[in-house]
Amino acid sequence: MPAKISTVDCVVIGAGIAGLVTAARVGGHGRRVLVLDKSRGVGGRMATRRVGEAVCDHGAQFFTQRTPGFHGVVEQAVHESAVVEWCRGFARDGSIAVDAAGAGDGHPRYRGVRGMTDLPKWLAAGLAGRGTEIEVRTGAKVTAVAIAADRVRVSIEGQDGAAEVVEAAGCVLTAPVPQALDLLTAGGSLDRLEAHAIERLRTVDYDPCFAVMLVLDRPSLLPEPGAIQFGGDAPGPVAWVADNQRKGISAVPALTVHATGAFSREHFDEPPEEVAAVLVDAVRPWIDGDPRTAVVERSVHRWKFATPTTILPDLFVSVSLSPPILCCGDAFAGPRVEGAFSSGAAAGTMLADRLGGGGR
Ligand SMILES: Cc1cc2nc3c(=O)[nH]c(=O)nc-3n(C[C@H](O)[C@H](O)[C@H](O)COP(=O)(O)OP(=O)(O)OC[C@H]3O[C@@H](n4cnc5c(N)ncnc54)[C@H](O)[C@@H]3O)c2cc1C
């Protein structure tokens, strides 16, 4: 059966923080925007999951808001009870909590009220409130991005396997850069793209990350505010450990443990349960009792593209001027939520300008 073909003004690939803010900036003035994400929900690496009776953030753990644009959004999200301040800094090792006591940088660290997906869910609800102008579709995997005449041709595979093609005047890719490059390569239009832009994107690499979630039978022994952020030179395989109950999102004690980039890279292809055992051993000092009985449930997640190790200096990269195709996300403005937001906002503003007032 031939693929269904539809038309919009702009396709945004990815409904993480960068994609959602891009859509917010492009939508308006009669422009129709379609946001596509392959996952079941929005948020991307701002991810929360249920493990038994516990709720665990297993991607981003908190965010800061040091830039004016993001500051305003976070203030509004706090006002509407989607986001709340967690603390002003973290213990840097297991013995002292100087940052938590206010001796650190003192910047507020925020979390979603029920988990880190709350901020992207709140942003997506705001987009839905704008009527038919912006559609956010999850469970929609983009398989290729091509240029056909003067339009962008985006191929999609839905959850039911049905193929669909969307044609658009412009497109923004917010997937991690290697995945964005795969989509452009699959489209077969590389010869129509800016060669130097593609070369720059090819320099972007990411560290993977093993995330282990451990539901405990009693409170953890973590210092205030319930998390430790290990410095880059700390020995051992752990970069972060947090108690989701102390954080305020889980009814029962449950740890999220993140391995360092170096450890995750070295062990990425090993059986996840064996890697998890090493990480459980490393956080044993903060588990009250023998982990063999104190850990009542566990879950392991492997992030293949967790944190960019190369940050490009521009807020986004334009891979095609006509039709406009931009790449943005946390590899452009800093490897964190706030950076992804700034990058998406800049790309969205640029595309809105390029598209002018609607009219497919
Ligand atoms: C383990 C971990 C811990 C972190 N800790 C922190 C932290 O404490 N503080 C902080 O500020 N940041 C943290 N980060 C980084 C932060 O999560 C990211 O910088 C930010 O969420 C990136 O947002 P984004 O929109 O650029 O990308 P993403 O959130 O990755 O969004 C990209 C979206 O594209 C979608 N996608 C990809 N390919 C396709 C396709 N073919 N078709 C359709 N959709 C597709 C994905 O499903 C995804 O939803 C952490 C990240 C990880 C993984």
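How high is the relative contact order of the chain, in percent, counting Cα pairs under 8 Å that sit 6 or more residues apart? Write out the running numbers ahead of the final one.
On the way: 864 pairs, mean separation 85.4, N = 360.
Normalised by residue count, the contact order of the chain is 24 percent.
What whole-number distance in Å separates the alpha-carbon centres of region 6-25 and region 219-266?
Cα centroid of region 6-25 versus Cα centroid of region 219-266: 33 Å apart.
In debye, nearest 20: dipole of the chain around its Cα centre with unit charges on the Cβ of K, R (+) and D, E (-)?
On the way: 36 positive and 41 negative charges, 176 e Å.
I would put it at about 840 debye.
Working out 0.36 nm times the residue gap between Asp269 and Ile198, then minus their Cα-Cα distance, what length gain in nm do you get to one decimal?
Values: separation 71, 0.36 × 71 = 25.56 nm, distance 2.83 nm.
Working it through step by step, the gained length comes to 22.7 nm.
Rounded to the nearest 500 deg cm²/dmol, what is the calculated helix-only ellipticity per residue at 222 nm for the chain, with -39500 (n - 2.57) per DSSP H run of length n ≥ 4?
-8000 deg cm²/dmol
Using amide H atoms built in the peptide plane, which far-off residues or other-chain residues are under 5 Å from Tyr206 H to H?
Under 5 Å from the amide H of Tyr206 lie the amide H atoms of Thr309, each far enough along the sequence or on another chain.
Using +1 on the beta carbon of Lys and Arg, -1 on that of Asp and Glu, and nothing else charged, what's the dipole of region 1-86 about the Cα centre, debye to 20? The partial results should precede the final answer.
Working: 10 positive and 7 negative charges, 91 e Å.
Its charge dipole is roughly 440 debye.
Take the alpha carbon gyration tensor of the chain, find the square roots of its eigenvalues, order them as a ≥ b ≥ c, and report rounded if a/c is under 1.5; if not, report prolate when a/b exceeds b/c, else oblate. The partial results should precede the final answer.
Details: a/c = 1.98, a/b = 1.77, b/c = 1.12.
Since a/c reaches 1.5 and a/b is larger than b/c, the shape of the chain is classed as prolate.
Helix by helix through the chain, keep the DSSP H runs that span 18 Å or more along the axis on Cα and average at least -0.5 on Kyte-Doolittle, and give those back in order. List each step's numbers first, then the result.
Working: long enough: 337-355 (27 Å, 0.55).
Once both thresholds are applied, what remains is 337-355.
Have a look at Ala251, Ala124, Phe210 and report the one farthest towards the positive end of the charge dipole of the chain, computed about the Cα centre with Cβ charges (Lys/Arg +1, Asp/Glu -1).
Positive-end residue among those listed: Ala124.
Report the one residue of Ala47, Val83, Val12 whose Cα lies farthest in the direction of the positive end of the charge dipole of region 1-90 (charges on C-beta: Lys and Arg +1, Asp and Glu -1; origin at the Cα centre).
Among Ala47, Val83, Val12, the one farthest towards the positive end of the dipole of region 1-90 is Val12.
Listing Arg192, Arg246, Arg292, Arg218 from the residue with the fewest other Cβ atoms within 10 Å to the one with the most, what is the order?
On the way: Arg192 15, Arg246 20, Arg292 7, Arg218 12.
With the sparsest Cβ surroundings first, the list reads Arg292, Arg218, Arg192, Arg246.
Could you give the distance between the Cα centres of region 287-360 and region 112-145, to the whole Å?
Measuring centre to centre over Cα atoms gives 14 Å.
Picking from Val73, Ala306, Phe63, whose Cα lies most toward the positive end of the charge dipole for the chain (charges on Cβ: Lys, Arg +1; Asp, Glu -1)?
Val73
Coordinate-derived values only; no laboratory data. Computed from a prediction, not measured in an experiment: that's the story for all the values here. With ideal geometry, Cβ positions are generated from the backbone for all residues, glycine too; neighbour counts draw on all protein chains shown.
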